[in-house]
Every structure is written in C-alpha cells, then in structure tokens.
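Structure, as structure tokens:
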Amino acid sequence: MRICVYCASSQMCDAAYHAAATRLGELLAEAGHCIVYGGGAVGLMGSLANGALARGGKVIGIIPRFMTDVEWQHPGIENLEVVEDMRERKHRLLTGSDAVVALPGGCGTLEELFEAVTLKRLGLYFNPIVLLNTKNFYAPLQTFMQQVIGERFMNPEHAAMWSLVDAPEQVLPRIMTTEKWREDARDYAVVR
C-alpha cells in the first residue's frame, strides 16, 4: 500500500510524539508499505522518515520548492519530488494513496487532514483516514467534530469518515479493517 502520512515539522514537541512517529515509520516499512509524506528532515516528519529508512522502507517525500531553498528536505530520501507550491504538494500526497494517517501536528497537518476528510465527504476520496492519537492529542478534535455533527453541520454518517487509534501498532490493523467509503457519499454530503 501507499500510505500518506501527515505530520508536524516541530522539533520542540514532546519526545513521545517523536517516538510514535519513528515507530510508525518502522512498522510501515517492516510491513512493506510505501510512505508518502511532506519530505522534511525535522520534527515528526524527520522521525517518521528516519524510522522507515532504518528498516529499509520505501519513502517518498513531496516538498515545495521554497522549502528546498532553505534546505528543509530530508537528505536520506532517494525519491524526493519537488513541486511548485503547497497546493500541489497536498494534491500529490493524497493522489494514489491507499490510506491517510494523521499524526499530531499544527495548522499544516490539520489543514491536510481536513482536506482529506472534506474530499471523502464529497465522494472524491474513499480510503481510510486514521488519526494517531498519541497522548490523547486528537481527543479535543473528536469532541469538536461530534459537536459539528450534533449541530447539524455534518450528517451522523460522516463520523465514520475517520477513526482514532492510540498507538502506532494499531494503525495498520485499523487501516485493514476500515471499510471503503460508500460510493453514494454525495447523496448525503449535504445536510438536509
């Protein structure tokens, strides 16, 4: 599988987030899956890539040109695609992916995650979206999304578009057991 992983570039976050990212990289590589991610060398991006590369994994980095100008790219990645801007990066990350995994992160990670969820709601993306809930990071987002549904900005069916797991070891089993999103997604994309 080609697994798209969204994750942060922060070096300053808790070491537990780095450990989880490294472990996820190791597990995906050991299982023979290809990781496609933002191409960075620092933060959780670097930890994820380092974990996968240490286990001989296939890693594809997709990075905007301006980030290579300041040398944010991971030097150990053989398959680094340089694109023109952030929009193209997001498109290339998601295109052809068999699943999305969102690690904890800031506004960039959340924006990528919400784009994937939006495309799934509109019937343009049908694959699993799994949030790695390290240190209960995504619990407030889950509560907020339940409020969004409760206030009828989304339909109850939309709560099944993503799922949370607490440990890297749970990511692949969750991907494997998540059913493909319904082909009739557009029939209930609008809240009526």
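The values are calculated or read from the model by the stated rules, or taken from the named source; none is laboratory data. Everything numeric in this text was worked out from a predicted model, so none of it was measured. A quick note on method: Cβ atoms are made from the backbone with ideal geometry, for glycine too, and the neighbour counts reach across all protein chains shown.
Miscellaneous remarks
- Filtering segment 83-95 to residues that are in a loop (DSSP other than H, G, I, E, B), out of contact with any strand residue (DSSP E or B) (no Cβ under 6 Å at 6 or more places or on another chain) and not polar (S, T, N, Q) leaves only 84.
- Conditions (1) in contact (Cβ under 8 Å) with a residue 24 or more places away in the chain; (2) assigned to a loop (DSSP other than H, G, I, E, B); (3) out of contact with any Lys or Arg (no Cβ under 8 Å at 6 or more places or on another chain); (4) not small (Gly, Ala, Ser); number of the one not met by residue 186: (2)
- Residue under evaluation residue 174, criteria (1) under 30 Å from residue 29 (Cα atoms); (2) touching a helix residue (DSSP H, G or I) at 6+ places or on another chain (Cβ under 6 Å), criterion not met: (2)
- Subset of segment 161-183 [in contact (Cβ under 8 Å) with a residue 12 or more places away in the chain, more than 12 Å from residue 101 (Cα to Cα) and part of a helix (DSSP H, G or I)]: 161, 169
- Each residue in segment 1-35 was checked for being within 21 Å of residue 86 (Cα to Cα) and buried (at least 24 other Cβ atoms within 10 Å of the Cβ), and 6 pass.
- Filter result for residue 169 (surrounded by fewer than 16 Cβ atoms within 10 Å (Cβ to Cβ), out of contact with any His (no Cβ under 6 Å at 6 or more places or on another chain) and modelled with pLDDT of 95 or more): yes
- For the criterion of being under 24 Å from residue 174 (Cβ atoms), in a loop (DSSP other than H, G, I, E, B) and not charged (D, E, K, R), residue 123 passes.
- Matching option when the condition is farther than 25 Å from residue 68 by Cβ and either over 12 Å from the mean Cα position of the chain (by Cα) or touching a residue at least 40 places away in the same chain (Cβ under 8 Å) (or both), among 12, 1: 1
- Matching option when the condition is farther than 21 Å from residue 113 by Cα, assigned to a helix (DSSP H, G or I) and either touching a Phe, Trp or Tyr at 6+ places or on another chain (Cβ under 7 Å) or touching a residue at least 24 places away in the same chain (Cβ under 8 Å) (or both), among 53, 80, 24: 53
- Any hit, segment 106-113, residues being of a type in the set (A, V, I, L, M) and assigned to a helix (DSSP H, G or I): yes
- Top-ranked residue of segment 56-77 - restricted to ones that are surrounded by fewer than 15 Cβ atoms within 10 Å (Cβ to Cβ) and in a helix (DSSP H, G or I), ranked as farthest from the chain's Cα centre (by Cα): 69
- Condition broken by residue 131, with the remaining ones in (1) assigned to a loop (DSSP other than H, G, I, E, B); (2) closer than 19 Å to residue 44 by Cα satisfied: (1)
- Picking from residues in segment 84-116 that are surrounded by fewer than 19 Cβ atoms within 10 Å (Cβ to Cβ) and among the hydrophobic types (A, V, I, L, M, F, W, C), the one that is nearest to residue 153 (Cα to Cα) is 114.
- Flag if residue 48 is modelled with pLDDT of 95 or more and under 13 Å from the mean Cα position of the chain (by Cα): yes
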